[in-house]
Each structure stands twice: as structure tokens, then as C-alpha cells.
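What follows is calculated from the coordinates using simple rules that are stated; it is not laboratory data. Remember, predicted model here, so these are calculated numbers, not experimental data. So basically every Cβ, Gly included, is an ideal-geometry build from the backbone, and we count neighbours across all protein chains shown.
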Amino acid sequence: MYPLIRPRRLRSSEAIRSLVRETIILPSDFLVPLFVVEGKDIKEEIPSMPNYYRLSLDNLTKEVKELWKMGLHSVLLFVKVPDSLKDNKGSEALNENGLMQLAIKTVKDACPEMLVMTDVALDPYSSYGHDGIVTDGQILNDESVEVLAEMSVSHAKAGADLVAPSDMMDGRIISIREALEDEGFLNTGIMAYSAKYASSFYGPFRDALDSAPVDIKNVPKDKSSYQMDYANRFEAIRETQLDIDEGADIVMVKPGLCYLDIVREIKNEVDVPVAVYQVSGEYAMVKAAAEKGWLNHDAVVMEQLTAIKRAGANIIASYFAKDAIRILG
Ligand code: PBG
């Protein structure tokens, strides 16, 4: 008795493997996160994110020109705000000449066709490191949403193509959409972090922006009253559906690798593009293991990115974008 069906035939050479390959990583899959700081001529490596940097505006110009040449045409901007400008309401977020607003203009000046998305959340601006206003040990929802809507309008005025609220407050998508429409920004899109889990994989990012929740009395120690419980699946679909109903153009699942079941499930449910954020801790793990010689860096990077796309990601926000372009050759 011999097997009549031999799946190995389709694996017998690289030519046939490439012919039947289902998932291919392309430069156009990527959204590149960038960290911006005040100052001049600054390119500081983030200790927990080897080979990833905080950039001052002059270096941001250089970076986006390089990205554009590499075929990376979408960026997601984050800013590191000095402590002296932080308060409970994130007032600095609304400063028309604030770092985010200047960063948006800098990217558009350097590279007018680059697609610019901006992080909309209070945490980099919050003296407590939370994504909302803190009162009596609680994160206020509706008051925070008001600030997020104003912040979105301010980013749109500066030239952002899409705003990306990463806060997980209830009802923020509809409030942001209405605020944008009221101000005439009909074509400014919203990429909603819809299924964003309360994850320990965000640690290196919080180092990068100095945005971790502070450890003081009457301030929640973590973000579990607004980010999702990682034990939950149905809730992710509900959150995503709500964001779509409220007007999200793109929805996102975050983090990546541990949540690919959620990605597939959402991809099967919705008809808008699905983004996945392969987060800072995922980046740090691969870099650390590769530094020790325990993993083959390039091979593991491509395996992970391909798995994310295979799970259903239309867009991958990843710190490995430049690595991937190099690897793809
Ligand atoms: C902030 C924000 C976070 C990330 C993106 N936007 C951190 C957090 O929610 O605490 C994490 C990204 C990463 O870890 O790479 N609202």
C-alpha cells in the first residue's frame, strides 16, 4: 500500500514551493512606528529596543526620506514629551506647535506623499502615565474622550492622514469622527486600536516614551480598567464591531503574535482592513535571543511577519519593517 496523495510533491523544490506559496510579505504591508523627541541632532537608541531610536525632527526628516526610498510609505508617529509639559489632562497634546504637530509637518515637508498616522492617547502627555484623566483612582471616560477628539482635530490640522486612537475609552471613535467632520476634515481617517489588550509586551515602548503608569496612591497601577483582558475573545469582536459602527476606517488588534487567533476571528467577521501591531516586547524578545545566538534573527523575523499576515493582517505595524526590507533584498 502506498499513499495516493503525496502533499510532499508540492514541497520538492524551491521553485514549486514559491509557486504554491500563499502568503508573501511586501514593503506595502508595513506601517513604521517612529519615536520623536525634542532637540537637535538626537538619535538615541532605546535600551530595551536594540537598533531602534528616538529621533529629533532633523533626524526624522532623514529617516522618512530613507524609508520612502526603501518602499516604506506609511508611518505611525509617537512623541516623547518632557515631564515638565505633562499634566493630568494632557494639555500639551493640544498645543498647535507641540512636538506631534511639528513632527507631522516635518514628515510632510520631507516626503509629501508619505502616509502619516498619529497616535492619539493621553499617556505620553499624562503626568500619571494613563490614557485618560485620573480622578479618585478612576480613569474618567467621557472627559478623556473630549480631549482625544480635540487632539485628533489638532493632528488633522497639522496634516495627519489618519489618526490612530490607542486609548480604549468607550465611544471615542464616534466622538473623534464627529469632531473631524465638524471641522471639515472629511478625508481624515481613523485607524482604531479596537482589540487592544492589557499586555506586558508594551514594556519597552513605555521605556521609549517614558510613559508607564506612575506608582502613586490613588492612581491605577495598570491599564486593566480600559485595555482588554487577555483571556477574552468574544469581547474583541464586540469592541471591533463597535468601532466600525462608530466610523473606524481600519481596525487593529494588538499585540501580534500571542493574539493571532483574535486576528483571524476578526478578519472573518469584518469587512474593513485589519491592522496588527507587533509590539515593542515582541521586538525586544527576538533581538535579545538573537544577540545571544539562540535564534536566527532574520529567519525568525520573517516567520513571525508571515504568520501575522497569514492570520489575516492587511497592515502590519512593526519595528522590524526595515529589517524585513533588508532580508527581502
Ligand atoms: C499608548 C500606546 C502603547 C503602545 C502604543 N500606544 C502603550 C500602552 O498602551 O501602554 C504600545 C506599543 C508597543 O509596545 O510597541 N497608548
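Exposure proxy shown here: for Met49, Met302, the number of other Cβ atoms within 10 Å sets the order, fewest to most, as Met302, Met49. Summary of packing: across the peptides 236-243, 191-198, the per-residue average of other C-beta atoms within 10 Å ranks them, highest first, as 191-198, 236-243.
The Cα center of the range 91-147 and the Cα center of the range 270-329 differ in position by 26 Å.
Just in the range 251-329: which chymotrypsin sites (Phe, Trp or Tyr not before Pro) are loop by DSSP and have at most 16 other Cβ atoms within 10 Å?
Values: sites: Tyr259, Tyr277, Tyr283, Trp294, Tyr319, Phe320; in loops: Trp294, Tyr319, Phe320.
Passing sites in the range 251-329 are Trp294.
Using a Gaussian network for the chain with springs between C-alpha atoms less than 10 Å apart, which of these wobbles most: Gly203, Gly159, Gly189? Comparing Gly203, Gly159, Gly189 in the GNM, the peak value goes to Gly203.
Can you sort Thr106, Thr61 from fewest to most other Cβ atoms within 10 Å of each residue's own Cβ?
Sorted ascending by nearby Cβ count, the order is Thr61, Thr106.
Using θ = phi - 60° in the Karplus curve 6.51 cos²θ - 1.76 cosθ + 1.60, the 3J(HN,Hα) couplings for the range 2-10 round to 10, x, 7, 10, 10, x, 5, 3, 7 Hz; x is entered for Gly and Pro. The HN-Hα couplings worked out from phi for the range 89-96 by the Karplus form 6.51 cos²θ - 1.76 cosθ + 1.60 (θ = phi - 60°) are 9, x, 3, 4, 4, 9, 5, 4 Hz, whole numbers, x standing for Gly and Pro.
Hey, what number do you get for the chain at 222 nm if only DSSP H runs of n ≥ 4 count, each worth -39500 (n - 2.57), divided across all residues, to the nearest 500? Mind showing how you got there, number by number?
Numbers: 11 runs with 127 residues, N = 329.
-12000 deg cm²/dmol, from helical runs alone.
Pairs from the list Lys80/Lys223; Lys43/Lys196; Lys43/Lys292 with a Cα-Cα gap above 21 Å: Lys43/Lys196; Lys43/Lys292.
Of Thr306, Thr23, Thr118, the sequence from fewest to most neighbouring Cβ atoms within 10 angstrom is Thr23, Thr306, Thr118. Against the chain, whose longest principal axis is taken from its Cα atoms, helix 260-269 shows a tilt of about 80°.
On the basis of the beta-carbon distance and an R0 of 56 Å, Ile5 and Asp229 show a calculated FRET efficiency of 0.85. The phi torsions of the range 283-290, fed into the Karplus equation with coefficients 6.51, -1.76 and 1.60 and a -60° offset, translate into couplings of 5, 4, 4, 5, 4, 5, 5, 5 Hz, rounded to whole numbers, with Gly and Pro shown as x.
The angle between the Cα long axis of helix 141-158 and the main principal axis of the chain comes to about 80°, on a 0 to 90 degree scale.
Roughly what % antiparallel, to the nearest 5, for the DSSP beta bridges in the chain?
On the way: 7 of 40 bridges.
The antiparallel proportion sits near 20 percent.
Springs between Cα atoms under 10 Å define the GNM used for the chain, and in it the highest mean-square fluctuation of Phe201, Phe234, Phe35 occurs at Phe234. The angle between the Cα long axis of helix 297-311 and the longest principal axis of the Cα atoms of the chain comes to about 80 degrees, rounded to the nearest 10.
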